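Colleague: Structure provided below as C-alpha cells; questions to follow.
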Amino acid sequence: MAETITPWTETFRVRSYEVEPSGRASVETLCHYFETAASGHAQALGFSIEHLVERNLTWVLSRLHLSIDALPRWRDEVRLTTWPSGQNGLFATREFLLHDAADRLLARATSGWVTIDLARRRPMRLPAFFRALSFPDRPRALDDAFPRLRPPDVDAFERRFRVRYGDLDLNGHVNNVQYVAWAVETMPPPFIEAHRLADLQIHLRAETHYDDLVLARAGTEDAETGVFWHRLCREADGREVAVARTQWVADD
C-alpha cells in the first residue's frame, strides 16, 4: 500500500512589488504562491514538470476556484498549505489554504490539473504513478466538481492585451496566472478601487503564445451581488482561451 501523502507547507513574505496601490497583495500574487507551492510539492513527490517532460508530458492548470476572506498586506508573512486530493476524470485535484501569522484563514482554493502530451498538445489520462498515490484523508479546501462555466454574452467592459515574452512559462505558452490578471484587469480602475475580489472561478481552455492579441470582455450577471462573467478570446481566430466568473464585495 502506498504511503499517504503529507500536505506541503511554505511561508511567503509579501514583497512591495506584489501589492496593488491599496497595499494589499494582488490576486495574481496569491496565484503565484499557489503555483510555487504546488511545484515544490510535486517535485518532492517525484512528479514535477521535469519528471513529466522525460515522458513527453507536462502539467497544465485547467481549473481554479479561489475564495478570498482577506488579502495580506505588504510585509505580512503568510503560510500556505497544499496537497493533492485525488482525481476527477482527467483532472488531478489540488487544494490550497492560506493563513496569516496569527493563523487566521485568508483564502482557500481548489484546482484541477491535466497532463498534456507535448507532441500532440492534447490532454492525456493521468499517469499511473499519480493514480496509485494515497491521498490525504482531509476535506477539500473548496467542494467544486468543476462543472463547465457557460458565460452569457458579456460586453460591459472590454480590453485588449498583447502577449509579452515575459508572460510565457516553461511550456512556452502564456502562464496560467496571466489569464487571471487579464480577467481582473478588464474591470475599470474605479470599480477595482471600490471593491475587493471575494471569489474567482476560471477555466482555461486554449493556449496563447508570444505576440498574440487577447480580447477580454466582462459583464455583470447580478449587480446587487457583484457577480461578473469574463470571456477571453484569441483575437486572430476568435478562439475562446479562458472563461471566468468573479464576485466582488464593497471594500472596507
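Since every read-out is calculated from the coordinates, none of them should be taken as a lab result. Remember, predicted model here, so these are calculated numbers, not experimental data. Cβ atoms come from the backbone with ideal geometry, glycine included; neighbour counts cover every protein chain shown.
Colleague: Based only on the alpha carbon positions, what is the Kirkwood hydrodynamic radius of the range 1-147, in angstrom?
Modeller: It is 16.0 Å.
Colleague: Name the long-range amide H neighbours of THR58: under 5 Å, sequence gap of 5 or more, or other chain; modelled H, no Pro or chain starts.
Modeller: Amide H neighbours of THR58: ILE116, LEU118.
Colleague: Compute the FRET efficiency between ARG131 and SER39 as 1/(1 + (r/R0)^6), taking r as their Cβ-Cβ distance and R0 = 25 Å, and round to the nearest 0.05.
Modeller: So, using R0 = 25 Å, E works out to roughly 0.75.
Colleague: Sticking with this one: With θ set to phi - 60° and the Karplus curve 6.51 cos²θ - 1.76 cosθ + 1.60, what are the ³J(HN,Hα) couplings of the range 10-17 in order, to the nearest whole Hz, using x for Gly and Pro?
Modeller: Those phi angles translate into 9, 10, 9, 10, 5, 8, 4, 7 Hz.
Colleague: Would you mind checking which residues have amide H under 5 Å from LEU106's amide H? H placed 1.01 Å from N; only 5 or more apart, or other chain.
Modeller: Those qualifying (amide H under 5 Å, at least 5 residues apart or on another chain) are LEU98, HIS99, ASP100.
Colleague: May I ask for the Kirkwood hydrodynamic radius of the range 149-252, worked out over all distinct Cα pairs and given in angstroms to one decimal?
Modeller: One over the average 1/r among Cα pairs gives 13.9 Å for the range 149-252.
Colleague: Here's another thing I want to ask about it. Run the helix sum for the chain: -39,500 (n - 2.57) per DSSP H stretch of 4+ residues, divided by residue count, reported at 222 nm to the nearest 500 deg cm²/dmol.
Modeller: My calculation for the chain gives -5000 deg cm²/dmol from helical runs alone.
Colleague: If I stretch the segment between ILE5 and ASP222 completely, what's the gain in nm (0.36 nm per residue apart, minus their alpha carbon distance), one decimal?
Modeller: Working it through step by step, the gained length comes to 74.0 nm.
Colleague: Check ARG239: other-chain or 5+ apart residues with amide H under 5 Å from its amide H, H built from backbone geometry?
Modeller: Long-range HN contacts for ARG239: ARG234.
Colleague: Could you run the Karplus curve 6.51 cos²θ - 1.76 cosθ + 1.60 with θ = phi - 60° over the range 67-83 and give me ³J(HN,Hα) per residue in whole Hz, x for Gly and Pro?
Modeller: 10, 10, 8, 7, 9, x, 10, 3, 6, 5, 9, 10, 10, 10, 10, 9, 7
Colleague: Normalised by the residues of the chain, what does the relative contact order come to in percent, with Cα pairs under 8 Å and at least six apart?
Modeller: Taking the mean separation of contacting Cα pairs over the length of the chain, I get 18 percent.
Colleague: What are the semi-axes of the equivalent ellipsoid for the chain, taken as the square roots of 5 times the Cα gyration tensor eigenvalues, largest first, in whole Å?
Modeller: That gives 28, 23, 17 Å for the three semi-axes.
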